[in-house]
Amino acid sequence: MASTHYTPAQLALHWLSAAFIIWALVMGFSVMLLDVTPTFKATIAGVNVSLSILFIPVFAVRTWLRLRHLRDHGHRPGERLAGVIHNVIYAVTALVLVTGVLMMDRPIQVFGWVTLPQPITDPVWDHRFHTLHAGCNGLLGMLVALHVLAVVKHEVVGKPVLRRMWVAR
Ligand code: HEM
Ligand code: HEM
């Protein structure tokens, strides 16, 4: 049966993911494009790498909840396109996470608590995955902008979609 409602877990994970992804995109592109000190750049890169690793299990649970929701309810009638675009957002986020891990040119430090080994030690492949990471981030940034504009457009024409992502049933 089609359901117009998200569960409380889906709501919480949507807003947690949105906060992290917007932070990582804005800070990642800012330190890349703006003239900042090497110390500031390294600090932001360290924080972002640590947060990104912690985000991976959050994203895995969120994806599992979405797949379960789609299996039980399918896409909402008349909203197939929106549903497919949401799936594309999931896929591009997964690509950003995978390329981020694979591009690491040093061991992966998580706030100094744990150190994971560098997955690929060939600098040529690290560079290729960095290029892919930047490309996937550009795509994700565009999808997020489109997503927020679509929410605003629906609210303006009187379709209260924000309420769906705010109030659980
Ligand atoms: C949704 C998750 C992520 C987002 C939104 C994100 C976003 C970004 C952005 C916008 C940049 C700047 C563009 C670039 O240089 O490519 C960047 C760079 C970077 N990302 Fe990610 N990233 C994510 C996940 C990861 C993961 C999982 C890792 C590794 C564990 C990672 C490691 C890095 C590194 C090392 C840089 C280069 C920093 C530098 O030295 O300039 N990222 N990321
Ligand atoms: C201020 C920023 C944001 C607002 C206001 C917002 C709002 C919403 C709303 C209202 C919905 C429900 C749409 C519907 O059911 O038709 C939704 C769903 C969704 N949003 Fe966002 N969102 C924001 C940021 C993000 C970000 C940064 C991402 C990830 C990159 C994201 C990914 C998704 C996905 C994948 C869905 C589909 C539902 C699901 O999680 O399975 N959103 N969002």
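The values are calculated or read from the model by the stated rules, or taken from the named source; none is laboratory data. If you're wondering where the values come from, they're calculated on a predicted model, not measured in any experiment. In this analysis, Cβ positions are derived from the backbone assuming ideal geometry, glycine residues included, and neighbour counts consider all displayed protein chains. The accessibility values were calculated without ligands, DNA or RNA, using every heavy atom of the protein model including side chains. Shrake-Rupley method; radii C 1.70, N 1.55, O 1.52, S 1.80 Å.
Brief remarks on what is shown
- Annotation note: Cβ proximity below 6 Å between a residue of region 16-30 that is open to solvent by less than 60 Å² (accessible area, probe 1.4 Å) and a residue that is modelled with pLDDT of 95 or more and near ligand 2 (Cβ under 10 Å from one of its atoms) (sequence gap 6+ or interchain) occurs for L25/G141.
- Residue list for region 153-169, restricted to those being under 24 Å from V92 (Cα atoms) and surrounded by fewer than 12 Cβ atoms within 10 Å (Cβ to Cβ): K153
- Close pairs from region 142-163: first closer than 13 Å to H86 by Cα, partner part of a helix (DSSP H, G or I), Cβ under 6 Å, at least 6 apart: L143/I89; V151/V161
- The residue that is farthest from ligand 1 (Cβ to nearest atom), among those in region 46-65 that are surrounded by 14 or more Cβ atoms within 10 Å (Cβ to Cβ) and over 14 Å from the mean Cα position of the chain (by Cα), is L65.
- Residue match in region 105-123 (condition: in a helix (DSSP H, G or I) and either open to solvent by 80 Å² or more (accessible area, probe 1.4 Å) or basic (K, R) (or both)): yes
- Among the residues here, P77 does not qualify as without any contact (Cβ under 8 Å) to a residue 60 or more places away in the chain and of a type outside the set (A, V, I, L, M).
- Residue in region 23-45 that is farther than 20 Å from L140 by Cα and either aromatic (F, W, Y) or within 12 Å of ligand 2 (Cβ to nearest atom) (or both) present: yes
- Options G141, G100, G83; residue that is open to solvent by less than 50 Å² (accessible area, probe 1.4 Å), away from ligand 1 (no atom under 16 Å from the Cβ) and in a helix (DSSP H, G or I): G83
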